[in-house]
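Each value in this text was obtained by applying a stated rule to the coordinates, not by laboratory testing. Just so we're clear, the structure is a prediction, and the values are computed from it rather than from any experiment. Glycine gets a Cβ as well: all are built from the backbone with ideal geometry, and neighbour counts include every protein chain shown.
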Amino acid sequence: ISRNILEHTRMLEPRRANKDSSYTYIWLMDPVVKEANYSYESIISGVHSPEETEKYLSMVRECLVAPQVFYSVKQGRW
């Protein structure tokens, strides 16, 4: 991952579990870097071998209890 992408990406961690005992993490790309690939596969494969990448992607898939949700938003005025 390039420094430019890292500098414009934040992860918000949950303070507590959801009612179903799962956790919701929020990634904010502010602003989105147009040429960036934010997929788990792209990020993981940049630092791990193909075998390790598949192992970690499998772990990610096993942890998901629902499909990911994407929102396209813009900053509003107060």
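When you filter the trypsin sites (Lys or Arg not before Pro) in the stretch 16-78 for DSSP loop state and at most 11 other Cβ atoms inside 10 Å of their Cβ, you are left with ARG16, LYS19, LYS34, LYS74, ARG77. Placing a label point 7 Å from the Cα of THR24 along the Cα-to-Cβ direction, the residues of the stretch 54-78 whose backbone N falls under 14 Å from that point are 65-71. The residue among TYR40, PRO14, TYR25 whose Cα reaches farthest toward the positive pole of the charge dipole of the stretch 1-46, with charges on the beta-carbon of Lys, Arg, Asp and Glu, is PRO14.
How high is the FRET efficiency between GLU54 and LYS34 when r is their beta carbon distance and R₀ equals 30 Å, given to the nearest 0.05?
0.60
If only the Cβ of Lys and Arg carry +1 and only the Cβ of Asp and Glu carry -1, the dipole of the chain around its Cα centre is close to 540 debye. Only helices enter this figure: runs of n ≥ 4 DSSP H residues, each worth -39500 (n - 2.57), summed and divided by the residues of the chain, yield -9000 deg cm²/dmol at 222 nm to the nearest 500.
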